[in-house]
Amino acid sequence: MAAIQRHTPNVLLIYPEIPDTFWSFKHALKFVGKKVSLPPLGLATIAAMLPKDWNLRLVDLNIRGLSMEDLGWADYAFISAMTVQRESSKKVISKCLEAGLKIVAGGPLFTVEHEHFPGVDHFVLNEAELTLPDFLKDLDQGRARRIYSTDKYTDMGQTPIPRWDLLELKHYATMSLQYSRGCPFNCDFCNITTLLGRTPRNKTASQIITELDSLYVQGWRGGIFFVDDNLIGNKRRLKTELLPALIRWRKDKKGVPFGTEASINLADDEELLAMMADAGFDTVFIGLETPNEASLAECGKGQNIHRDLIRDVKRIQGYGIQVQGGFIVGFDSDDTGIFTSIVEFIQKSGIATAMVGLLQAPPGTRLYSRLKQTGRLQEYFSGDNVDGTTNILPVMNLDSLQNGYREILKNIYSPEAYYQRVKTFLREYHLPNNKSLLRTRPTSESLMALIRSIIRLGILGKERFHYWKLFFWTLFKRPRAIPLAVTLAIYGYHFRRVCELRVL
């Protein structure tokens, strides 16, 4: 008998569209001719775990739409999404069903609320390193189940190098890597510990260097964001393994600045700050949340209590690491004075990139459980921190909370306040001494951004007086910071556009 010929499957890896938020940087990206801030790292990693003989095509809907040719070519659609991509995911699933594709879904959105997606054939949930192999084995034997899940956590030493070759690199402003999963803290509004645990699990330094080399060989010289929810969750391994390896890697490299996320206790370790700066980290996002210590205690954010948060921010920025700050209003302990307090805090801190959202309770968090027991939850959770909604019935009057939130955004992103804050930041910021991060000549992208900023902000924009005031102050006082000043001016334009279009 002749051997049975099996059809090699054609697989579409689909990343749904992300709505216009602070984090999308959509309006800023136009200045440098990019379409997306960050790539779908999860899908690129999943692709590396699929059988080598499968035919793969990755479609990031933030770059282009699904074509009829895509749908006609494919046998399967693998979809990964976050909660904020819920509506786009529903549209994608509908298109794939119409085309007769088998649909496989995973990622945070589906892990938390897979029961709301009846059109999906198979759910591969939690950490794919553990659940995907069982699905692939069962699929090969023609007996794949609908749901694959686990309560265990993977050994990240087994995570493969993402399939960068499937990404249209030229359309991304920044690449992303992941060194660790999990966070030692347990803030009650955060679902990271629910999904990934409280014990940080790390890749080896050699894994990260191999991933960096694979990007560098492909010509990547732009920024790389370590998407760890708390890079310093295991400080010992970071200081003894990863950072020394990154410092060695950078010695013969040009460009490639790093960014990441960390907790505010980063400010307590000056040796760590110096090492991170030497390794090329120039940006860190920190969840500062609120200057109200009662609210910090309420949400279990003990690491932010009994410290001078503004002093800590300035200490980090003094090492050449720009702080981007996350803030939340709507805690039970907040009264109407919180709106003024947050504006004053942000202005004094010099945090240019200040992201403020209403408190929400993601399913699976301690906050969600606590409020559900007391009947203070609404069904719909958007996962979008700039749409002015919350799934919580707040102690404060809801109209007062939403109006106060809008006033915060009007204040901190008004041209006068924003440019004043950028100037405060540049005055105190210690520019990196790391020669590998300093460009000897402007790139075509940086020149494009400068020209477009002059036209859109300096000539046509309502902020043109503030733009030129900052430009010439920087030119005479901090000339090496001109590229950063222009970048932050462009960010301010993005934040104002998001507020105008979505909140105010």
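Here is how the numbers come out for the structure above:
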{"item": "Options 435, 410: the member that is at pLDDT 95 or above and either closer than 30 Å to residue 492 by Cβ or of a type in the set (Ser, Thr, Tyr) (or both)", "result": "410"}
{"item": "Flag for residue 250 being in the same structural domain as residue 370 (by TED's automatic domain parsing), surrounded by 17 or more Cβ atoms within 10 Å (Cβ to Cβ), under 29 Å from residue 44 (Cα atoms) and of a type in the set (D, E, K, R)", "result": "yes"}
{"item": "Checking residue 115 against (1) part of a helix (DSSP H, G or I); (2) under 22 Å from residue 249 (Cβ atoms); (3) not aliphatic (A, V, I, L, M), the condition it does not meet", "result": "(2)"}
{"item": "Matching residues in the stretch 139-166 - criterion: being of a type in the set (A, V, I, L, M, F, W, C), under 19 Å from residue 103 (Cα atoms) and part of a helix (DSSP H, G or I)", "result": "139"}
{"item": "Residue list for the stretch 291-331, filter: out of contact with any strand residue (DSSP E or B) (no Cβ under 8 Å at 6 or more places or on another chain) and assigned to a loop (DSSP other than H, G, I, E, B)", "result": "291, 292, 300, 305, 306, 307, 308, 319, 331"}
{"item": "So residue 457, is it within 21 Å of residue 221 (Cα to Cα) and in contact with a Lys or Arg (Cβ under 7 Å, 6 or more places away or on another chain)", "result": "no"}
{"item": "Among the candidates 368, 380, residue that is outside the structural domain of residue 82 (by TED's automatic domain parsing), surrounded by 21 or more Cβ atoms within 10 Å (Cβ to Cβ) and free of Cβ contacts under 8 Å to residues at least 60 places away in the same chain", "result": "368"}
{"item": "Unmet criterion (only one of (1) buried (at least 18 other Cβ atoms within 10 Å of the Cβ); (2) in contact with a Ser or Thr (Cβ under 7 Å, 6 or more places away or on another chain); (3) farther than 30 Å from residue 247 by Cβ; (4) not acidic (Asp, Glu)) for residue 400", "result": "(1)"}
{"item": "Residue 18 vs. criteria surrounded by 20 or more Cβ atoms within 10 Å (Cβ to Cβ) and part of a loop (DSSP other than H, G, I, E, B)", "result": "yes"}
{"item": "Qualifying positions in the stretch 180-200 - surrounded by fewer than 19 Cβ atoms within 10 Å (Cβ to Cβ) and in contact with a strand residue (DSSP E or B) (Cβ under 8 Å, 6 or more places away or on another chain)", "result": "197"}
{"item": "Candidates 167, 177, 109, filtered to the one that is in the same structural domain as residue 54 (by TED's automatic domain parsing), within 25 Å of residue 260 (Cα to Cα) and surrounded by 13 or more Cβ atoms within 10 Å (Cβ to Cβ)", "result": "109"}
{"item": "Residues (in a helix (DSSP H, G or I) and either touching a Lys or Arg at 6+ places or on another chain (Cβ under 9 Å) or closer than 24 Å to residue 369 by Cα (or both)) located in the stretch 118-138", "result": "130, 134, 135, 138"}
{"item": "Scan of the stretch 245-283 for residues that are β-branched (Val, Ile, Thr) and part of a helix (DSSP H, G or I), ordered by number", "result": "247, 264"}
{"item": "Test: residue 111 is more than 30 Å from residue 27 (Cβ to Cβ) and β-branched (Val, Ile, Thr)", "result": "yes"}
{"item": "In the stretch 209-245, the residues that are buried (at least 19 other Cβ atoms within 10 Å of the Cβ) and polar (S, T, N, Q)", "result": "230, 234"}
{"item": "Identity of the residue in the stretch 488-504, among the β-branched types (Val, Ile, Thr) and crowded, with 21+ Cβ neighbours inside 10 Å, that ends up nearest to residue 451 (Cα to Cα)", "result": "490"}
{"item": "Single unsatisfied condition, residue 394 versus (1) assigned to a loop (DSSP other than H, G, I, E, B); (2) touching a strand residue (DSSP E or B) at 6+ places or on another chain (Cβ under 9 Å); (3) not assigned by TED's automatic domain parsing to the domain that holds residue 344", "result": "(3)"}
{"item": "Any pair with Cβ under 6 angstrom, 6 or more apart, that starts in the stretch 245-268 at a residue that is over 16 Å from residue 224 (Cβ atoms) and ends at one that is among the hydrophobic types (A, V, I, L, M, F, W, C) and in a helix (DSSP H, G or I)", "result": "266/232; 267/316"}
{"item": "Subset of the stretch 269-286 [among the aliphatic types (A, V, I, L, M), over 26 Å from residue 305 (Cβ atoms) and either without any contact (Cβ under 8 Å) to a residue 40 or more places away in the chain or in contact with a helix residue (DSSP H, G or I) (Cβ under 7 Å, 6 or more places away or on another chain) (or both)]", "result": "275, 279"}
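Rundown of residues vs (1) β-branched (Val, Ile, Thr); (2) part of a loop (DSSP other than H, G, I, E, B), yes/no style:
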| residue | (1), (2) |
| --- | --- |
| 31 | no, no |
| 56 | no, no |
| 62 | no, yes |
| 66 | no, yes |
| 86 | no, no |
| 92 | yes, no |
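For (1) in the same structural domain as residue 177 (by TED's automatic domain parsing); (2) among the polar types (S, T, N, Q); (3) without any contact (Cβ under 8 Å) to a residue 60 or more places away in the chain, each residue gets a yes or a no:
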| site | (1), (2), (3) |
| --- | --- |
| 39 | no, no, no |
| 50 | no, no, no |
| 67 | no, yes, yes |
| 71 | no, no, yes |
| 75 | no, no, no |
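The values are calculated or read from the model by the stated rules, or taken from the named source; none is laboratory data. Remember, it's a predicted structure, so these values are computed and weren't measured experimentally. Reconstructed Cβ throughout: ideal geometry from the backbone, glycine too, with neighbour counts over all protein chains shown.
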